[in-house]
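J.: Here it is, the structure, as structure tokens.
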Amino acid sequence: MKVIQIKSERKAEIINSLKLCFDLQDKDIEPYFSTLREIGIKLNKNKSITNFSKFSNVLGNETRLKIVELLNDKDYCVCELEAILDKAQSSISHHLKILEGMRIIRGIKRGYFTHYELVKEQFQKYIENSRKFFELFNFV
């Protein structure tokens, strides 16, 4: 991951803000600012946060959650999902593409139609990583 350098104007603005902070009045601000930047760099490199964010954004949509729930029981083609969810085929396809992009589901060609199934191992891996993420912060 590329480390983005902070612009000198932005750095000066933040340092001036830190100088006004009551808790920091006795600190040497420049080295403290560097310490804070190091924390930010480590945070930006944390893959578990990035992965959890992607996973939660994908599943943060009600339609996609419903699709995952449906595909947990059996595979369906787009037209079946269209009937179940009462959504346009283009909308269903859009959501399926997003889920496929995360490898949560996969399409299997059956004749003229593609049926979609939940990739349970991959989904379980995301769930496990999410659980670990929450444990890191003592949320569980």
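Readers should treat all values here as calculations from the given coordinates under stated rules, not as data from a laboratory. This is a predicted model, so every value here is computed, not measured. In this analysis, Cβ positions are derived from the backbone assuming ideal geometry, glycine residues included, and neighbour counts consider all displayed protein chains.
J.: Between Asn129 and Ile84, how many nm apart are label points set 7 Å from Cα along the C-beta direction?
T.: 2.5 nm
J.: Counting other C-beta atoms within 10 Å, which of Asp28, Asp75 has the fewest, and how do the rest follow?
T.: The most exposed by this proxy come first: Asp28, Asp75.
J.: At a Cα cut-off below 16 Å, give the lysines reachable from Lys66, other chains included and same-chain residues fewer than 8 away excluded.
T.: Reachable lysines: Lys74, Lys87, Lys97, Lys120.
J.: By how many degrees, between 0 and 90 and to the nearest 10, does the Cα long axis of helix 89-101 differ from the longest principal axis of the chain?
T.: Once rounded, one gets 60 degrees.
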